[in-house]
1. Considering B:Arg364, B:Arg345, B:Arg341, which residue is at pLDDT 80 or above, more than 24 Å from B:Gln61 (Cβ to Cβ) and within 22 Å of the chain's Cα centre (by Cα)?
2. Filter segment B:273-307 down to the residues that are over 22 Å from the mean Cα position of the chain (by Cα) and in a loop (DSSP other than H, G, I, E, B) and list them by number.
3. Which of the residues that make up segment B:106-134 are under 19 Å from the mean Cα position of the chain (by Cα) and open to solvent by 10 Å² or more (accessible area, probe 1.4 Å)?
4. Just checking, does segment B:28-44 include any residue being within 22 Å of the chain's Cα centre (by Cα), within 14 Å of chain A (Cβ to nearest Cβ) and not in a helix (DSSP H, G or I)?
5. For segment A:153-189, what are the residues that are open to solvent by 60 Å² or more (accessible area, probe 1.4 Å) and either within 15 Å of the chain's Cα centre (by Cα) or on the phi < 0 side of the Ramachandran plot (or both)?
6. Quick one: in segment A:208-244, of everything that is at pLDDT 95 or above and part of a helix (DSSP H, G or I), which residue is least open to solvent (accessible area, probe 1.4 Å)?
7. Being under 28 Å from B:Pro255 (Cα atoms) and surrounded by fewer than 20 Cβ atoms within 10 Å (Cβ to Cβ): is that true of B:Gln170 here?
8. Is it fair to say A:Leu122 is in contact (Cβ under 8 Å) with a residue 24 or more places away in the chain, more than 13 Å from chain B (Cβ to nearest Cβ) and open to solvent by less than 40 Å² (accessible area, probe 1.4 Å)?
Amino acid sequence: MKGIDLEGIRVISCDVFDTLLRRNATAEPGRVRHVAERAAAMLLRERGLLVSKEALWRARRNVQHLAYRALDMADPTGEVTFDALVQGMALSLGFGPAEAQVFARAEIEVERTQLASNTSLLTWLTRRASEGIRIIAVSDTWHTAATIRGLLDDLAEGHPIAKVYTSADLGASKRTAAIFPKVADAEDVPAGAFLHIGDDAQADERMARSAGLRPHRIFPPRLVILERRLDAARARLARKMPER
Amino acid sequence: MNFALPLFPRSDLAAECFGCEVLGPIFAEFAQRLWTFQYYMPDKHDTCLLFCARGGLRLRQIYEAFLAASGLSAPLPHADLMISRLVAARTGLAAPGPALIDELGREFEGQTTAEVVLALTQDPSIRLGPEWHHPFEAGAFVGLLEGESGRLVRQVVARLDGAFRRHLAQVSQGRGRVILCDTGLYGSTVRLLQEGVPHVQWFAAQFARSNYKRFATPHFDVTVGLSVEQDGYCPWNARTCVLRFWHLIESVLEPDLTSVKSFSNEPVPRSNLEEPGWQDRIGEDRQGLFTGVLTYLSGLSSEQLPDIETAAEEAWERLRQAIIWPGHEDLAVLSLSPRARDFGRIEAVHQFPEGGAITSSLWREGAVVQRYRQTGRFGLALLEAAHSLRFLKRWSTARRA
């Protein structure tokens, strides 16, 4: 994090996933598959329901896809909430609120196993906080701020994050830059006094810049990127192979 | 060589069985996805789902059978919309925009402006001067329409369009956001309505979405293909097999009712489709395929909801086998009746045109097997190889763009 110009910066906002908390080498298809496996085991253990992991994997994938298609078509600046996602999934499968809770816990449990704190960034942020710069987190996610704070507290103990903002809570995302003015208003700090750190070229760099923030893009380690690509390819190949 | 008659006698029982075992899971998956898509639609209080005549009328029966079997409640109010591309085209005639001009240009290529007028007005008694009898050209058509000689045309179209707008207001109950549910593919209707009825926010949830003719697609931002979303057949994507034989989906879903062309002048307008007994005729199925679909749906229960997608995945593979590598039994089951060309015209297109080339068939793989009973499999392999190359070429062009 050397060479970052902090002149005039009063707030550092940080993306969460793959910035403050780094995902492991499991790509998204693999993550969804892990969620389905865990949810299937929990449904059997806690609710006595025998549902195949394959069925839950397909349902989880389709629900996410259709929820975002509906949103992109009707409200492109909005966000799907995690609660709505798991409730819709449970209902579409003929289940109720208790099963929706199981799906929610399965998701969070898998998140915990696949995330780790970005210690070098957090150390740097802690130093900036001690110099009087306010540190916040801004995440494009369907989770609430309370859930993200819970993950940070568990996985990055002693972190300097003073406040968490999520697209699900604010109904606005980084993808369209709509979230940044809302965060600036809530912090009562002009956009020009923000440094925004994140890994996504569109949401964290281009959109932050277009909203008047000073962006700084960070990159996951190359080895992790390569491993994820291999994992995604393996998942695609596995789908083509019949399970025996 | 005559393509007119199938080599094997039709078997309704086999067709019903195919409808139940293959098409049933595919349409159950569609209904489940339609439910999920609506569930996540924002602003539900101002949104409704309208099933477009004619294919949509059967999609509504499929959707309602799914709701009844699953015990799920509908996320949005729904109704039938009496519409066709012709009716949608009329909505934009007062101020013709690119969607209308593109659509008319495609539909009436090589025909005269007078033929376009006849389709739009459905009134052969309108006398048109010689200037209307030139080959259709968009700019000239707009000029004629706006001139004195187009006054009667404008009046007739405005009356029919006004009746449709009253019908729309009634079935949507004045809601500001409408999801059109239809079979597919390109979604001309939603594109035309976006232009012609701009005070409504339009969306489309189709069985399949495909820009198979590579036209402009500004409306794809609001159009989802719930079961299939590809611009062409891809040999390693089973779902895209329907793009090789779209006539099958249309035959399964389109009831034996006339396309919507006109409306009565009553306060509650009645379309020409709504002849006595029309609702009973939606489910009437001489082929057996649609009956099979409903049989499958009626046997579903809420306990089976988690397995619908997995069952559908297997059914898509079976459908691909039947369409791309048809055996003689598949040919017998999937030999279908001719269908009207639509857009206000009555001439029919045939699955296997009599005396025609294989390339003019609505199902080329079926035509190959029918014509070459012994060596047909070799022909199918060549076709599949050609499709693979074509897909890779398209894919590489898209990546370069």
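The values are calculated or read from the model by the stated rules, or taken from the named source; none is laboratory data. Please read all numbers here as calculations on a predicted model, not as lab measurements. Cβ atoms come from the backbone with ideal geometry, glycine included; neighbour counts cover every protein chain shown. Surface accessibility is based on the protein's heavy atoms, side chains included, excluding ligands, DNA and RNA. Shrake-Rupley method; radii C 1.70, N 1.55, O 1.52, S 1.80 Å.
1. Working: B:Arg345 fails: at pLDDT 80 or above; B:Arg341 fails: at pLDDT 80 or above.
Result: B:Arg364 is the single residue among B:Arg364, B:Arg345, B:Arg341 that is at pLDDT 80 or above, more than 24 Å from B:Gln61 (Cβ to Cβ) and within 22 Å of the chain's Cα centre (by Cα).
2. Let us first name the residues in segment B:273-307 that are over 22 Å from the mean Cα position of the chain (by Cα), namely B:276-277, B:295-296, B:298-307.
The answer is B:Pro276, B:Gly277, B:Gly299, B:Leu300, B:Ser301.
3. B:Arg106, B:Glu107
4. Going through segment B:28-44, the residues within 22 Å of the chain's Cα centre (by Cα) turn out to be B:28-38.
After this cut, where a residue has to be within 14 Å of chain A (Cβ to nearest Cβ) as well, the list is B:28-38.
Now restrict to residues that are not in a helix (DSSP H, G or I): none.
Checking segment B:28-44: not a single residue is within 22 Å of the chain's Cα centre (by Cα), within 14 Å of chain A (Cβ to nearest Cβ) and not in a helix (DSSP H, G or I).
5. The initial filter retains those residues of segment A:153-189 that are open to solvent by 60 Å² or more (accessible area, probe 1.4 Å), namely A:153-154, A:157-158, A:163, A:169, A:175, A:181-182, A:185-186, A:188.
Within segment A:153-189, A:Asp153, A:Asp154, A:Glu157, A:Lys163, A:Asp169, A:Arg175, A:Pro181, A:Lys182, A:Asp185, A:Ala186 meet the criteria.
6. A:Ala208
7. Numbers: under 28 Å from B:Pro255 (Cα atoms): yes; surrounded by fewer than 20 Cβ atoms within 10 Å (Cβ to Cβ): yes.
Yes, satisfied.
8. Working: in contact (Cβ under 8 Å) with a residue 24 or more places away in the chain: yes; more than 13 Å from chain B (Cβ to nearest Cβ): yes; open to solvent by less than 40 Å² (accessible area, probe 1.4 Å): yes.
So A:Leu122 fits the description; yes.
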